[in-house]
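Worksheet: one structure, shown below.
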């Protein structure tokens, strides 16, 4: 199901380079979280374990190496050499089914090694689930559906990218979707987060950082100022590129307190991934204005549970006020009537044996050890 080391999202590779450069000895633990009510059986588990084992055979081909070097000029020679020699280590992944049918996945090891597991693991869980448990669906009509979505977004003047790797129904569907969006979305379709599909369909790979980079700063640098350290450390590795920063790791209030005029000028923009997109966008615009920055020179990326109608509505609301773009995932790659996608994540749980927390702007989406979540909420004055 995963046939290339590049069948993964760009932000995992960009973070991996930063981790290798800044924190090569950091040890981490990730945990799988199913936000839904689905249960998993032993046939599913056997298939999943077989797919995980197969990933040990993957390596960067010469063609892929040359493409990465050209498409991602911000990757340094030392990291490209590391990537050329990288191999997935299935021993880093522990998987089992609990008595109640819950799926447990724990990934642990060096951060720079384990960081590439998250996205393909989620893609595998989804594809194995829909090939062994919920099998009554067909790929028929997905090409037309994707084409029509791309066309509607293009006609509405929306700039958008495919962010659908993690919860796709299958690789074949995401492959089809990117092909159709590149045709129907035309200049509105700016690319895909998936490195392999960006190479295959000659579109731009899209991505910067994920929450885990900011989360890790709470253990490696400072819990009180994790956002600031993350932004400053990121600029050490990427001073002039990949300048979109996440805002909701500990809630937007905490982020905007740290996002001063120096950082706001250095970064190209921000990404909203929870809470109200309209409220967030208006707050970001006001924040830029208060710092003496013209918001029309900055970008807001919206990426939280979007569909075509939501993206168009948000785009219309902020037209002319700020640059807008969208990362749309499951709506593209797992949109089936009467057969909902899984709501699954893999989150950083510990760094060097310190518990790691993510709060979000949505109540109930906190992740981490409950006692650690309670402590971090107190520190950040969150109810």
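In this structure, is residue 100 modelled with pLDDT under 95, over 25 Å from residue 204 (Cβ atoms) and surrounded by fewer than 17 Cβ atoms within 10 Å (Cβ to Cβ)? Considered against the rule, which asks whether it is modelled with pLDDT under 95, over 25 Å from residue 204 (Cβ atoms) and surrounded by fewer than 17 Cβ atoms within 10 Å (Cβ to Cβ), residue 100 comes out as yes. The condition (being in the same structural domain as residue 216 (by TED's automatic domain parsing), over 27 Å from residue 215 (Cα atoms) and surrounded by 16 or more Cβ atoms within 10 Å (Cβ to Cβ)) is satisfied by just one residue among 130, 171, 163: 171. Being out of contact with any helix residue (DSSP H, G or I) (no Cβ under 7 Å at 6 or more places or on another chain) and part of a strand (DSSP E or B): is that true of residue 319 here? Against the criterion (out of contact with any helix residue (DSSP H, G or I) (no Cβ under 7 Å at 6 or more places or on another chain) and part of a strand (DSSP E or B)), residue 319 does not qualify. Would you confirm whether any residue within the stretch 228-242 is surrounded by 21 or more Cβ atoms within 10 Å (Cβ to Cβ), out of contact with any helix residue (DSSP H, G or I) (no Cβ under 9 Å at 6 or more places or on another chain) and farther than 30 Å from residue 148 by Cα? Checking the stretch 228-242: not a single residue is surrounded by 21 or more Cβ atoms within 10 Å (Cβ to Cβ), out of contact with any helix residue (DSSP H, G or I) (no Cβ under 9 Å at 6 or more places or on another chain) and farther than 30 Å from residue 148 by Cα. The requirement of being surrounded by 21 or more Cβ atoms within 10 Å (Cβ to Cβ), at pLDDT 95 or above and part of a helix (DSSP H, G or I) is satisfied by residue 332.
Cβ-Cβ contacts under 7 Å between residues 6 or more apart (or on different chains), taken from a first residue in the stretch 198-218 that is free of Cβ contacts under 8 Å to residues at least 60 places away in the same chain to a second residue that is in a loop (DSSP other than H, G, I, E, B), are listed as 214/249. If you go through the stretch 65-79 and keep only what is part of a helix (DSSP H, G or I) and under 21 Å from the mean Cα position of the chain (by Cα), you end up with 68, 71, 79.
The set of residues from the stretch 1-57 being part of a strand (DSSP E or B) and in contact with a helix residue (DSSP H, G or I) (Cβ under 8 Å, 6 or more places away or on another chain) comprises 9, 27, 28, 30, 32.
The values are calculated or read from the model by the stated rules, or taken from the named source; none is laboratory data. This is a predicted model, so every value here is computed, not measured. Counting neighbours? That spans all protein chains shown, and the Cβs are built from the backbone with ideal geometry, glycine included.
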